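Engineer: Starting off with a structure, shown below.
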Amino acid sequence: MKTQWETVIGLEIHVQLATRSKIFSGTSTVFGAPPNTQASAIDIALPGTLPVLNEAAVRMAVTFGVAIGAKISARCVFDRKNYFYPDLPKGYQISQFQHPIVGAGSIELRLDDGSTRTIRITRAHLEEDAGKSLHEDFAGMTGIDLNRAGMPLLEIVSEPDLRTSKEAAAYFRQMHTLVRYLEICDGNLNEGSMRCDANVSIRPAGSAELGERTELKNLNSFRFLERAIDHEVARQIEVLESGGTVRRETRLYDPDRDETRTMRTKELSDDYRYFPEPDLLPVAIDDAFIETARATLPELPDQKRRRYVETFALSDYDATRLTDDPEMARFYETSATSAMQLNLSYGAAPKLAANWVLGDWSAALNRDELPPNHSRVTPAQLGKLVARVGSGAISGKIAKTLFESLWRANDPSADVDALIKAQGLEQVSDADELAALVRKIVADNPGQVAQFRAGKEKVFGFFVGQAMKATQGRANPQRLNELLREALAAP
Amino acid sequence: MNPFGNPFATLTELADSLRSKQCSSVELTRFYLDRIERLDAAYNSFITVTADRALAQAEVADARLRNGTAHALTGLPIAHKDIFCTKNVRTTCGSRMLDNFVAPYDATAVARLDAAGVVTLGKTNMDEFAMGSSCETSYYGCTRNPWDVERVPGGSSGGSAAAIAAGLAPAATGTDTGGSIRQPAAFSGVCGLKPTYGCVSRFGMIAFASSLDQGGPLARTVDDLALLLDTMAGFDPRDSTSAVDGHAGHAARTLHDAKPRTIGVPREYFQLLTDPALAASFDAARRTLERAGHRFVDVSLPHTAAAVPTYYVVASAEASTNLARYDGVRYGHRCESPKDLTDLYERTRSEGFGREVKRRILTGTYALSIGYFDAYYLKAQRVRRLIRDDFVKAFETVDALFAPTAPSVAFPAGQISDPVEMYQQDVFTVPASLAGVPALALPCGFHQGLPVGMQFIGPHFSESALLALGADYQRATDWHRRTPAGLE
């Protein structure tokens, strides 16, 4: 019988903390500066320079720890991790080995079927990033950019609790959401603000023992993570089923070729010669510091989702999608609130706002490749638009056109009502006006009237079309339908 | 005697000359620059002389002296050990690796002295990366002892000590990791203070062993050390190990605070002192101090014998990683046309570092390696704690400890070739380094025409009390006023 394999995955996520300056120097952390222009004497390890810990990085790590219910170390220690590489200026990385700042915690992973599973987090520690080696563009040489050297990282290490590539991607995504809610990371994956290493092994289903694992390095998107794991699992199954053994090694995922390949084997175990960093004192974190972090925690994604379901009567699915991104949630809530304020009697405002945010608004952002906080329509504008649709003042179709023109205008001062009025977009719902129109259409098209009355139901669309044409689409479709039916039924 | 024109005048005396307008800072600076130019070929105490810069600083100092904004040290010329980074002036650390290195910043200790108006004559010779007890490991050649040029001046701050002894500078900075201020002070017949760890900022001071390195002054008298320390010491936000409430900066004002002290004589030190000729000097020093009203008691520091091996594990371990940055990639020496990355590393470091530095890197790397870490590094850290506890316990009953500075007088250059024998030079100095406590080294006699040095070791941040005790001793003796023959 064919062996059923179970996949076991643990993730190490490197989160670049959103501090203004580097973790051990005062150098700016702004992304995208020309190479080596954000590299101070400390960052390039000139002789005699010393690290000084950035308190903001400590605060962010503690905030994370509190959010995952972890124990915060009263005293944490920085260590030197020693290895030579041209983009590592000191010849060692300052990291935390034995006494990390954040101890064991957990998150509730939400699965596709709506159930949740606890994923244990082993620890999270502070460390500095290395610079970048640029292997292209230098004709056989390697360029070194030290702007990234000394950027603050929080490395979040999970237990091997994940079982599928989908779960791994969902966990990565959920962490991505969490750190942005906590405002400790900008979450820009394409700028390397979050990178992930996956430890992957397989074992026969039901086995309690772990198989030999490989480490997949530097995965910076949810999709790459999922695909890299899928490939690696397939490769390991093939190795084992053909009688081979999986070697402990570090592998690199190549998204262009969609494969993983050996980076280095760990047969000769790396010896990083960790020892306590003598240039930094152990960091004492008192209860008051931790309590302040706890007291100032923002509403977390789960809490927000539950609130949307309970107070906005949204579906779990919509609430989840809206709360995935804190900026989207913020936009949504402002839109929904202003819609409700304009149209209090309209109970469906939150639902209608959700449809608009998840529909046209998200589509427009995607189309223009803009992040939510660069929306060309303000939440107040969208709220008003939603309110006017909800009240029946404008039709849904007109609203879509109006949304597009608002988006194009990119003018926060543009007023939805003024536009409706100026462009004469108000829906025609007036019974007398519509009745007169219907009478005229019926009178003008005796042939079509006869066809309809002879049972040709399809011709009904012709009359709707005529009415919409005459009102430039502003006729209230429901009222129009009723009146047309009435007029056409009676000979 | 008018101190100006006397190369062996103290800072205190020279400051009086400047204030009473007997001479200007420019004249004083020229005087020392001229002596360096004429005489230093025999001693090799300077690696770099900064004549133009010194004269420019002296002019500014003279202006301050004229307009009444002068500090106690304004206009006084001194030298810096070439381990302190000096903005726009080469800092070599005695190594080929940094032969071309110019820092874009001043070490905090240098900046503080500069701000006080001190004039920098130049950068003094030292053992490479401060690893040595004789100044023989310098890439720039050995410094010679002004008392006998066939002998070493001690190390690693040998250039600073020799420059003072030869009257080429009235004072200098040094650093002490395991005795590098105190032992050269003893060999060269000058005074030196290793402050409490955390007292003087390590920023801009090129690291040897981060948990031990401490900058401090060398000078002709204890009074001068106090003047310098008061300016050099202080909290520095750029050094995380710098003490917030360290040295209060009033040592120069409390030098006459000659309270009768209880002084401990650690029996282990004197058991290790095998040369009876030196013992006579220490006995005489004791009698002098007793006459001044101080009381001696026997104390025990049981872990003294473990200090040298402990020190060489801890210091080498830290050094092995502190020196990893010298890789030929960003600054410093780089080998010619490397084949690949490994070749770049190997040849750069093989060429750039001398033998002793390589030995320490290898020793330290070994001590930190998997499988040896517990047996060496961790064990050394545990022993270090015991050594520190010895001192803390001793200071429950005594105000200070009295000890030899070095096991012998200055030895001839080239005499000690066995590294382990060389390490034994540090037997009386490394315990205080490991404990992080301050120690004051000062001359207390002569043996065969060569200076003999003693030290007072005190509790953490007791610099002022140690200096007051030393000043009391120097008021009763004149060993510190002796000068080598033929140098006036």
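The values are calculated or read from the model by the stated rules, or taken from the named source; none is laboratory data. Keep in mind the model is a prediction, meaning the values are calculated, not measured. No Cβ is skipped: glycine too gets one built from the backbone with ideal geometry, and neighbour counts run over all protein chains shown.
Engineer: Test each condition in (1) within 14 Å of chain A (Cβ to nearest Cβ); (2) of a type outside the set (K, R); (3) on the phi > 0 side of the Ramachandran plot; (4) assigned to a loop (DSSP other than H, G, I, E, B) for B:F129 and report the one that comes out false.
Structural biologist: Only one criterion in (1) within 14 Å of chain A (Cβ to nearest Cβ); (2) of a type outside the set (K, R); (3) on the phi > 0 side of the Ramachandran plot; (4) assigned to a loop (DSSP other than H, G, I, E, B) is unmet by B:F129, namely (4).
Engineer: Quick one: would you say A:A284 is away from chain B (no Cβ under 14 Å), modelled with pLDDT of 95 or more and either within 24 Å of the chain's Cα centre (by Cα) or more than 24 Å from A:D161 (Cα to Cα) (or both)?
Structural biologist: Numbers: away from chain B (no Cβ under 14 Å): no; modelled with pLDDT of 95 or more: yes; either within 24 Å of the chain's Cα centre (by Cα) or more than 24 Å from A:D161 (Cα to Cα) (or both): yes.
No, not satisfied.
Engineer: One residue is enough: does the stretch B:29-49 have a residue meeting the conditions out of contact with any Gly (no Cβ under 7 Å at 6 or more places or on another chain) and more than 30 Å from B:S95 (Cβ to Cβ)?
Structural biologist: yes
Engineer: Just to be sure before I move on: is B:A163 within 14 Å of chain A (Cβ to nearest Cβ), under 24 Å from B:A56 (Cα atoms) and either assigned to a helix (DSSP H, G or I) or hydroxyl-bearing (S, T, Y) (or both) in the structure I sent? Explain how you work it out, then say what you get.
Structural biologist: Details: within 14 Å of chain A (Cβ to nearest Cβ): no; under 24 Å from B:A56 (Cα atoms): yes; either assigned to a helix (DSSP H, G or I) or hydroxyl-bearing (S, T, Y) (or both): yes.
So B:A163 fails the test.
Engineer: Being farther than 30 Å from A:D87 by Cα and either more than 14 Å from chain A (Cβ to nearest Cβ) or at pLDDT below 95 (or both) narrows it down to one residue among B:E356, B:E396; which is it? Break it down into steps so the answer makes sense when it comes.
Structural biologist: Working: B:E356 fails: farther than 30 Å from A:D87 by Cα.
It is B:E396.
Engineer: Now, a different point. Could you tell me which of the residues B:A54, B:A9 is buried (at least 20 other Cβ atoms within 10 Å of the Cβ) and closer than 23 Å to B:A115 by Cβ? Spell out how you get there, then give the answer.
Structural biologist: Numbers: B:A9 fails: closer than 23 Å to B:A115 by Cβ.
Sole residue among the options that is buried (at least 20 other Cβ atoms within 10 Å of the Cβ) and closer than 23 Å to B:A115 by Cβ: B:A54.
Engineer: Further question on the same structure: Is it fair to say B:T124 is on the phi < 0 side of the Ramachandran plot and either at pLDDT below 95 or within 14 Å of another protein chain (Cβ to nearest Cβ) (or both)?
Structural biologist: Criteria not met by B:T124.
Okay, residues lined up against (1) within 13 Å of another protein chain (Cβ to nearest Cβ); (2) under 23 Å from the mean Cα position of the chain (by Cα); (3) in a loop (DSSP other than H, G, I, E, B); (4) farther than 30 Å from B:S433 by Cα:
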position: B:P302; (1), (2), (3), (4): no, no, yes, no
position: B:V314; (1), (2), (3), (4): yes, yes, no, no
position: B:A319; (1), (2), (3), (4): yes, yes, no, no
position: B:A324; (1), (2), (3), (4): yes, no, no, no
position: B:R334; (1), (2), (3), (4): yes, no, yes, yes
position: B:K339; (1), (2), (3), (4): yes, no, yes, yes
position: B:L344; (1), (2), (3), (4): yes, no, no, yes
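Engineer: Of these, A:L314, A:L342, A:L280, which one is surrounded by 13 or more Cβ atoms within 10 Å (Cβ to Cβ) and touching a strand residue (DSSP E or B) at 6+ places or on another chain (Cβ under 9 Å)? Steps first, please.
Structural biologist: Working: A:L314 fails: touching a strand residue (DSSP E or B) at 6+ places or on another chain (Cβ under 9 Å); A:L342 fails: touching a strand residue (DSSP E or B) at 6+ places or on another chain (Cβ under 9 Å).
Only one candidate passes the filter, namely A:L280.
Engineer: Among the residues of the stretch A:93-102, is any under 28 Å from B:I206 (Cβ atoms), touching a residue at least 40 places away in the same chain (Cβ under 8 Å), touching a Pro at 6+ places or on another chain (Cβ under 7 Å) and surrounded by fewer than 24 Cβ atoms within 10 Å (Cβ to Cβ)?
Structural biologist: yes
Engineer: Go through (1) assigned to a loop (DSSP other than H, G, I, E, B); (2) more than 14 Å from every other protein chain (Cβ to nearest Cβ); (3) closer than 23 Å to B:F428 by Cα and name the single condition B:L168 misses.
Structural biologist: Going through (1) assigned to a loop (DSSP other than H, G, I, E, B); (2) more than 14 Å from every other protein chain (Cβ to nearest Cβ); (3) closer than 23 Å to B:F428 by Cα one by one, B:L168 breaks only (3).
Engineer: Looking at the structure I just gave you, is A:D432 part of a helix (DSSP H, G or I) and either crowded, with 16+ Cβ neighbours inside 10 Å or not polar (S, T, N, Q) (or both)? Walk me through how you get there before you give the answer.
Structural biologist: On the way: part of a helix (DSSP H, G or I): yes; either crowded, with 16+ Cβ neighbours inside 10 Å or not polar (S, T, N, Q) (or both): yes.
Yes: the conditions hold for A:D432.
Engineer: Related question: In the stretch B:224-245, how many are more than 14 Å from chain A (Cβ to nearest Cβ), closer than 18 Å to B:A439 by Cα and not in a helix (DSSP H, G or I)?
Structural biologist: 2
Engineer: Of the residues B:V297, B:V314, only one is of a type in the set (V, I, T) and more than 23 Å from B:L467 (Cα to Cα); which? Let's see the steps before the verdict.
Structural biologist: On the way: B:V297 fails: more than 23 Å from B:L467 (Cα to Cα).
The match here is B:V314.
Engineer: Among the residues of the stretch B:57-94, count how many are polar (S, T, N, Q), surrounded by fewer than 18 Cβ atoms within 10 Å (Cβ to Cβ) and within 14 Å of chain A (Cβ to nearest Cβ). Break it down stepwise before answering.
Structural biologist: Residues of the stretch B:57-94 polar (S, T, N, Q): B:57, B:67, B:69, B:74, B:86, B:88, B:91-92.
Now drop any that are not surrounded by fewer than 18 Cβ atoms within 10 Å (Cβ to Cβ), which leaves B:67, B:69, B:88.
So of that shortlist, the ones also within 14 Å of chain A (Cβ to nearest Cβ) come out as B:88.
Qualifying residue count for the region: 1.
Engineer: If you check A:K397 against the conditions, is it over 20 Å from the mean Cα position of the chain (by Cα) and surrounded by 16 or more Cβ atoms within 10 Å (Cβ to Cβ)?
Structural biologist: Values: over 20 Å from the mean Cα position of the chain (by Cα): yes; surrounded by 16 or more Cβ atoms within 10 Å (Cβ to Cβ): no.
Criteria not met by A:K397.
Engineer: Among the strands (runs of 3 or more DSSP E) confined wholly to the stretch A:98-174, which include 1 or more residues that are closer than 25 Å to A:L17 by Cα and either at pLDDT 95 or above or not assigned by TED's automatic domain parsing to the domain that holds A:L53 (or both)?
Structural biologist: Values: elements: A:105-110, A:116-128, A:132-134, A:143-145, A:152-158.
In the stretch A:98-174, the matching strands (runs of 3 or more DSSP E) lie at A:105-110, A:116-128, A:143-145, A:152-158.
Engineer: Right, next: Tell me which residues, restricted to the stretch A:459-490, are surrounded by fewer than 14 Cβ atoms within 10 Å (Cβ to Cβ), within 45 Å of the chain's Cα centre (by Cα) and assigned to a helix (DSSP H, G or I). Outline the logic, then answer.
Structural biologist: If we filter the stretch A:459-490 for residues that are surrounded by fewer than 14 Cβ atoms within 10 Å (Cβ to Cβ), which is where we start, we get A:461, A:465, A:469, A:472, A:478, A:485-486, A:489-490.
Those still in the list that are within 45 Å of the chain's Cα centre (by Cα) too: A:461, A:465, A:469, A:472, A:478.
Residues satisfying the conditions are A:G461, A:G465, A:K469, A:Q478.
Engineer: Another one. Quickly run through the stretch A:7-34 and pick out the residues that are within 13 Å of chain B (Cβ to nearest Cβ) and not small (G, A, S).
Structural biologist: Step one: of the stretch A:7-34, the residues within 13 Å of chain B (Cβ to nearest Cβ) are A:23-26.
A:I23, A:F24, listed by residue number.
Engineer: Additional query: Could you check how many residues of the stretch B:353-399 are among the acidic types (D, E) and assigned to a helix (DSSP H, G or I)?
Structural biologist: Looking only at the stretch B:353-399, we keep the residues that are among the acidic types (D, E), and these are B:356, B:374, B:389-390, B:396, B:399.
Now narrow it down to the ones that are assigned to a helix (DSSP H, G or I): B:356, B:374, B:389-390.
Within the stretch B:353-399, residues that are among the acidic types (D, E) and assigned to a helix (DSSP H, G or I) number 4.
Engineer: Tell me which of these B:I361 doesn't satisfy, since it passes every other one: (1) buried (at least 20 other Cβ atoms within 10 Å of the Cβ); (2) within 13 Å of another protein chain (Cβ to nearest Cβ); (3) of a type outside the set (K, R); (4) farther than 23 Å from B:F208 by Cβ.
Structural biologist: Here B:I361 meets the rest and fails (4).
Engineer: Hey, another quick one. Looking only at residues in the stretch A:255-281 that are part of a strand (DSSP E or B) and modelled with pLDDT of 95 or more, which one is farthest from the other protein chains (Cβ to nearest Cβ)?
Structural biologist: From the stretch A:255-281, those part of a strand (DSSP E or B) are A:259-265, A:275-276; that's our starting set.
So of that shortlist, the ones also modelled with pLDDT of 95 or more come out as A:275-276.
Values: A:F275: 6, A:P276: 9 Å.
So the residue we want is A:P276.
Engineer: Just need a number here: residues in the stretch B:48-104 that are polar (S, T, N, Q) and touching a Lys or Arg at 6+ places or on another chain (Cβ under 9 Å). Even if it seems obvious, please write down each step before you answer.
Structural biologist: Restricting attention to the stretch B:48-104, the residues satisfying the condition of being polar (S, T, N, Q) are B:48, B:50, B:57, B:67, B:69, B:74, B:86, B:88, B:91-92, B:95, B:100.
Still in the list and also touching a Lys or Arg at 6+ places or on another chain (Cβ under 9 Å): B:48, B:50, B:74, B:86, B:88, B:91-92, B:100.
Count: 8.
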